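Here the structure comes first, spelled out in structure tokens, and everything after it is commentary.
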Amino acid sequence: MRKRVIPIIASIMLLGGCWDTRNIDHVVYIHSIGIDYKDGQVIAYVQLIDFTALAKVEAGGGREKAAISVGKAAGETFNIATDKIYPSIQQRVSWGHVKSIVFTKRALQKGIVADVIDVLNRYNEIRHTAWVYATDEPLSELFEATPLLNASSYYSLLSNPEEIFQQSSFIRPIRLSRLIVDMDEKADTARLPYLTLDRRRWIENKKPKPMLAVSGVCFVHHYSLQQCVRRSDLEGLRWLEHDIRRTPIYVKQKGKTVASLVVRDPKTKWSIKVKSGEPAFTVQVQAQGAIIELRKPLSRKQLTKLAEQTVKQEIRRLYELGKKQQIDILNLSEQLYRQRPDIWKQHQSNGLIPLGNNTLSVSVKLAIGASGKEKLNYRAGD
């Protein structure tokens, strides 16, 4: 008798661990958080997505139209605003799957950002791996934008920016942990991807399809917004970023595009010298490219020279833009702080050095290692 009872008791004890579990559809999962500020009130937005539909797709089922819910509440602080969401949500809420956090430009003020970060740091469910963005779009519209072909928002730019960045690297996505580190460093200027809704390029089921797009960068220093700059003015930024995988160059000659290259894994090295008490910066860029398009017969030497000039010009324009608008786009203050802290202390004000008296030298070495199925020198007669 005892031999029969023992297995039954053991099985009951093992099953006891499952009694407190909840089905996936009994919990509401916050996917994205939005923060706005207006009339002295912090406005919190939350985006909810349906994980049951996502599970059906991954199990081999057909795609259903993605369901998205967006909640909104306002309060004196970020925590008060989010607390006001609970009374009407009608299910248990999980904050453990937050994939992205979006600040409006109005909310990128020192007091608000610091308050939000303080709450996120203290709440145990929030992970610091969430992606962070800035925007000027209405957050409700931003969160309602879904990917093409009825794909779940789980695969959208908000939660999976690395997929796009690896294929076409330009503006590097930033996680919450990295943003906090950059904002805590007095000499560093954080680069926050700027999101917009592209309403012109896509049509789905004969209707315009608004799509998320990274259209620039908002520069934030010590928890305060400096300025947002559009993507077209930031071409030189990709040569100075980390982890650039694959990025295109459109080589021009006399104002016309003559070739297109793809550059992979560019490497950047900074060095600093002091001239007459002022820091002088030198940046060296090394990269290897492949030809994608050749519209004019050019030798490898000619094409390499034109491509190197293009990279130099992009970096120089970025440097001049930073000086004009007094934004440390190139993070020269951080470079000086790392390499020559004694000089940084002499020139810094609130962690940043003046940008007017500095000089920048740019050196680029680009090797063209592949030309596709057609040999490069075939048409150039090289």
Any chance you could look up the accessible area of residue 203 with a 1.4 Å probe, heavy atoms only, rounded to 10 Å²?
-> 130
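Send over the semi-axes of the stretch 180-304's equivalent ellipsoid, whole angstrom and largest first, taken as the square roots of 5 times the C-alpha gyration tensor eigenvalues.
Numbers: eigenvalues 180, 156, 30 Å².
That gives 30, 28, 12 Å for the three semi-axes.
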If you line up the long axis of helix 300-325 against the longest principal axis of the chain, both from Cα atoms, how many degrees apart are they, to the nearest 10?
-> 70
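Per the helix-only calculation at 222 nm, which mean residue ellipticity applies to the chain, given -39500 (n - 2.57) for every DSSP H run of n ≥ 4 and division by its residues, nearest 500 deg cm²/dmol?
Working: 12 runs with 113 residues, N = 382.
Result for the chain, helices only: -8500 deg cm²/dmol.
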Hz values of 3J(HN,Hα) by residue in the stretch 233-238 - Karplus curve (6.51, -1.76, 1.60), Gly and Pro given as x = 8, 10, 4, x, 5, 5
Distance violations [Cα-Cα > 32 Å] among 254/324; 99/267; 209/324; 99/207; 273/296; 110/273 = 209/324; 273/296; 110/273
Ignoring ligands, DNA and RNA, what accessible area per residue does the stretch 94-165 give at 1.4 Å, in Å²?
-> 43
Between helix 110-122 and the chain: long-axis angle, C-alpha atoms, 0 to 90°, nearest 10 | 50
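Keeping all protein chains in place, calculate the accessible area per residue for the stretch 224-300 (probe 1.4 angstrom), answer in Å².
55
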For the stretch 245-314 and the stretch 113-176, distance of Cα centres in Å = 31
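The values are calculated or read from the model by the stated rules, or taken from the named source; none is laboratory data. The structure displayed is predicted, hence computed values, not measured ones. SASA here: full protein model, heavy atoms, side chains in, ligands and nucleic acids out. Shrake-Rupley method; radii C 1.70, N 1.55, O 1.52, S 1.80 Å.
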